[in-house]
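Chemist: Right, I'll just put the structure down here and ask away after.
The values are calculated or read from the model by the stated rules, or taken from the named source; none is laboratory data. In this text, all values refer to a predicted model and were calculated from it rather than measured experimentally. Please note: Cβ atoms are built from the backbone with ideal geometry, for glycine as well, and neighbour counts cover all protein chains shown. Side chains included, ligands, DNA and RNA excluded: accessible areas come from the protein's heavy atoms. Shrake-Rupley method; radii C 1.70, N 1.55, O 1.52, S 1.80 Å.
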Amino acid sequence: MIQSIGTEANVSPRYSLVLPIYNEEQVLPRLVERIKLLIHQLDGETEAIFVDDGSRDGSVRYLRRMVAAEPHFRLIELSRNFGHQIAITAGMDAAKGDAVIVMDADLQDPPEVVLDLVAKWKEGFEIVYARRVKREGESWFKRFTAGLFYRLLEKMTSVDIPRDVGDFRLVGRKALETFRQMPEQDRFVRGMFGWMGFKQAAVPFERPARTHGQTKYPFWKMVHLAVHAIVSFSEQPLRLALWGGLGISALAAAFGAYAIFAWVFETGIVAGWTSTVVIVSLLCGINLFMTGVVGLYVGSIHAEVKRRPLYVIDRLTGFDRAVRALPGESRRSHRKSRIGVPANVPTLRQL
Ligand code: UDP
Ligand code: MG
């Protein structure tokens, strides 16, 4: 299934940059300049795939103009906001390069670092991720919660998900093809790359602050991502619910025994209202919490069994331009099954 499509020594590699965009109007002009510069510096044919994730500002208008003028640029417009992780997936599905680099559009993932990622890839690493050694301009709260999350995830999963690593990474062709065969709806992309193995390496970088626009990951979206990450990579919460439930049941049994003992021997009772209320509400709370944990997994299964496409494409621009497709690669059925509108139907206004 998985072809080993390495780069031959005498052929320069092809690169694909994948950039998810959600309301990034303010930063786009700078981004485009930096990307052009990067394309110039890279030693092979490069395409930059912008994935518009349902932006409501002028991002799309700007990008369409840029893509029309710049032969290296492509644009995928999703039909609505599907979320960062899905936008990345859409871009990777369309990528034709031997190495695919995913980076944020807000310049917090500095384009120059891509050159370091490429250098590591050439040393023979299939997946090269950029590790944040310093995070500027982020509140202590974000750093603290992010740190806590990575450590918790490390404890709860058997998969090696590297710490302080976001979605800024380079992946080779083998990893890309593996990724395309992973159909799950619940996509925690950095975990998926951690799961697949291969030779992986890290390149450290200092993450600058966002200079334009605002973060699209407010607190609740981060919690959401963290919960999805844990549910899709760990069964620990279920086990915890089981053992927690057993522990509480043991305590309840002990208390029951005491209550019977007290009743039989009439050791100073009638009272007991407080303890009853405390115990009942405690048990109800724990019960609801554990049902909720189970519900998370059931919800996740529900999303999987519906087998909906992962995303819907509204419009593609720039893709008809010469990209040397690898033999047979675009015909894979598993890829079609997760794209809302297959790339060859006439409804898709292909420019
Ligand atoms: N993004 C996206 N869809 C979303 C949210 C974010 O495509 O629903 C993009 C966003 O435009 C940016 C990247 O994902 O390019 C990372 O988002 P952001 O910089 O807001 O996250 P942070 O760096 O604050 O964690
Ligand atoms: Mg950012």
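Chemist: Taking LYS199 as the anchor, which lysines have their alpha carbon closer than 23 Å to its alpha carbon, excluding any fewer than eight residues away along the same chain?
Modeler: LYS96, LYS120, LYS122, LYS155, LYS174
Chemist: In addition: Using Cα atoms only, what is the angle between the long axis of helix 219-233 and the major principal axis of the chain, expressed in degrees (0 to 90) to the nearest 10?
Modeler: Approximately 80 degrees, to the nearest 10.
Chemist: Give me the angle, in degrees from 0 to 90, between the Cα long axis of helix 59-69 and the longest principal axis of the Cα atoms of the chain, rounded to the nearest 10.
Modeler: Compared with the principal axis, the helix lies near 30 degrees.
Chemist: Specify the angular offset, from 0 to 90 degrees and rounded to the nearest 10, of the alpha carbon long axis of helix 140-156 from the longest principal axis of the alpha carbons in the chain.
Modeler: Its long axis makes an angle of about 80 degrees.
Chemist: Loop-only trypsin sites (Lys or Arg not before Pro) in segment 15-96, please: DSSP not H, G, I, E or B, and at most 14 other Cβ atoms within 10 Å. Each step should come with its number before you reach the end.
Modeler: On the way: sites: ARG30, ARG34, LYS36, ARG56, ARG61, ARG64, ARG65, ARG74, ARG80, LYS96; in loops: ARG56, ARG80, LYS96.
Listed in order of number, the matching sites are ARG56, ARG80.
Chemist: Now for a different question. Using a probe of 1.4 angstrom, how much of the accessible area of the chain is carbon and sulfur, in percent? Write down the numbers at each step before the final one.
Modeler: Values: 11300 of 18390 Å².
Its accessible area is 61 percent carbon and sulfur atoms.
Chemist: State the antiparallel share, in %, of DSSP beta bridges confined to the chain, rounding to the nearest 5. Display every interim value, and only then the final one.
Modeler: On the way: 12 of 37 bridges.
About 30 percent, rounded to the nearest 5.
Chemist: OK, next. Would you compute, from DSSP H runs of 4+ residues alone, the mean residue ellipticity of the chain at 222 nm, taking -39500 (n - 2.57) per run and dividing by the full residue count, rounded to the nearest 500?
Modeler: Helices in the chain give a 222 nm mean residue ellipticity of -15000 deg cm²/dmol.
Chemist: Something else: Would you list which lysines come within 19 Å of LYS134, measuring only between C-alpha atoms, while excluding same-chain residues fewer than 8 positions from it?
Modeler: LYS142
Chemist: Loop only per DSSP, at most 16 neighbouring Cβ atoms within 10 Å: give me the chymotrypsin sites (Phe, Trp or Tyr not before Pro) in segment 117-201, ordered by residue number.
Modeler: Qualifying residues, ordered by number: PHE198.
Chemist: Further question on the same structure: List the aspartates and glutamates whose alpha-carbon lies under 14 Å from that of LYS36, not counting same-chain residues fewer than 8 positions away?
Modeler: Within reach: GLU45, GLU47, GLU70, GLU112.
Chemist: If you don't mind, there's one more thing I want to ask. Please calculate how many Å² of accessible area segment 133-208 carries per residue, with a 1.4 Å probe and no DNA, RNA or ligand atoms counted. Walk me through the intermediate numbers first.
Modeler: On the way: 3400 Å² over 76 residues.
Value returned for segment 133-208: 45 Å² of accessible area per residue.
Chemist: Something else about it: Please work out the average accessible area per residue across segment 15-115, using the 1.4 Å probe convention, and give it in Å².
Modeler: Working: 3280 Å² over 101 residues.
Dividing the accessible area of segment 15-115 by its residue count gives 33 Å².
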